[in-house]
Amino acid sequence: MKSPLLSLPGAVSAEGVDEGVAAHYGDLFREQRALADGSGFVDLSHRGVVTVTGDDRLTWLHLLLTQHVTDLPVGLATEALILTAHGHIEHALYLVDDGTTTWTHVEPGSQDALIAYLESMKFFYRVEVADRTDEFAVVHLPAGSIAEVPEGVVVRETPYGRDLFLPRAELESYAAKSGPAAGLLAYEALRVESHRPRIGFETDHRTIPHELGWIDSAVHLQKGCYRGQETVARVQNLGKPPRRLVFLHLDGSEVHLPPHGTELRRADEGPDGRKIGIITTSVRHHELGPIALAVIKRNVPLDAPLLADTTAAAQEVVVEP
């Protein structure tokens with residue numbers, strides 16, 4: 001779905017899964033600084049929007065999600081995962097309930113698979129699941145923003161800003177009075193800075209929540225009765241995850257950023273050493289320079305300098321070994 005905001009001056013379309021919204025509007029660092037200062041907005045209208053209505057919606061979702069949502073207060077934002085039977089991450093949901101409807105946004109293009117799973121689990125529960133992507137666009141306002149939110153618009157309030165479920169027909173008019181627009185690259189730079197994982201970037205088919213720190217924000221450890229819960233409990237109580245998320249400072253003298261999937265090795269073993277992980281997201285930050293998130297083997301020493309192909313990298317702990 002191509003955003004109408006790609007017609008704004010300087011807009012350059014993002015690529016890959018984020019195609020359809022702007023990567024930037026001509027000045028990446030200005031856009032980052034604006035978001036960091038609490039001004040502007042980010043067009044996330046390519047993300048999927050799914051709603052669940054019905055009297056049983058929260059009780060039902062509680063049985064399927066990693067998060068405790070039975071008594072989710074109206075307006076309180078939360079995150080949740082759907083896992084496979086073996087505990088691997090399949091979907092990440094960003095939720096809020098308005099008293100009659102549970103709203104969630106998900107990765108672009110993933111809503112069909114999510115809805116198919118939810119529909120298969122309805123049984124006798126009084127719930128209705130709907131794809132609302134054609135009707136509603138996700139717009140992100142950064143933390144500290146004083147931008148006006150139109151009356152009646154559902155909002156997810158988080159420490160990182162507000163996610164608006166804006167009627168898609170109002171996207172252009174809202175943008176005209178809520179600028180400046182910031183592109184997805186600016187949004188991603190702040191995501192990496194705050195160590196927040198993203199499904200499809202920091203995850204693969206084997207990822208479990210413990211590896212990325214999602215245990216803290218998206219998993220409730222005192223609830224059971226959801227698919228994959230046995231793996232979560234076993235790793236939490238009896239073991240350690242095989243990999244861990246790290247934050248990397250990259251050598252700023254390199255012209256190109258190491259792309260997603262770039263293999264990581266210990267610097268003391270050289271570029272032909274054993275693979276110990278991969279770069280998952282790399283960005284240029286307006287203050288920190290080139291930085292990245294990566295997933296590495298749990299037993300890599302905390303002070304070990306790394307190489308991303310030929311780019312030197314120093315790690316900071318995100319998930320404790």
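Below is a table of values for the structure above.
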{"item": "Restricting region 145-202 to residues that are assigned to a loop (DSSP other than H, G, I, E, B) and of a type in the set (Ser, Thr, Tyr), the residue that is surrounded by the fewest Cβ atoms within 10 Å (Cβ to Cβ)", "result": "Ser194"}
{"item": "Residue among Val50, Val42, Val69, Val17 that is part of a loop (DSSP other than H, G, I, E, B) and either modelled with pLDDT under 95 or among the β-branched types (Val, Ile, Thr) (or both)", "result": "Val69"}
{"item": "Residue count for region 221-242, restricted to those that are open to solvent by less than 30 Å² (accessible area, probe 1.4 Å) and under 30 Å from Asp309 (Cα atoms)", "result": "1"}
{"item": "Cross-chain or 6+ apart pairs with Cβ under 8 Å, region 72-95 first and aromatic (Phe, Trp, Tyr), then assigned to a strand (DSSP E or B)", "result": "Tyr94/Glu79; Tyr94/Thr104; Tyr94/His105; Tyr94/Val106; Tyr94/Arg156; Tyr94/Asp163"}
{"item": "Filter pass, Ser39 being among the hydroxyl-bearing types (Ser, Thr, Tyr), open to solvent by 10 Å² or more (accessible area, probe 1.4 Å) and over 18 Å from the mean Cα position of the chain (by Cα)", "result": "yes"}
{"item": "Failed criterion for Leu72 (all others in (1) under 20 Å from Asp98 (Cα atoms); (2) open to solvent by 30 Å² or more (accessible area, probe 1.4 Å); (3) more than 20 Å from the chain's Cα centre (by Cα); (4) not basic (Lys, Arg) hold)", "result": "(2)"}
{"item": "Pair list, Cβ < 7 Å and 6+ apart or interchain, from region 263-281 residues that are in contact (Cβ under 8 Å) with a residue 12 or more places away in the chain to residues that are aromatic (Phe, Trp, Tyr)", "result": "Thr280/Phe201; Thr281/Phe201"}
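The values are calculated or read from the model by the stated rules, or taken from the named source; none is laboratory data. Bear in mind the structure is a predicted one, so any value in this text is a computation, not a measurement. Methodologically, a virtual Cβ is constructed for each residue, glycine included, from the backbone with ideal geometry; neighbour enumeration extends over all protein chains shown. What goes into the accessible areas is simple: the full protein's heavy atoms, side chains included, and nothing from ligands, DNA or RNA. Shrake-Rupley method; radii C 1.70, N 1.55, O 1.52, S 1.80 Å.
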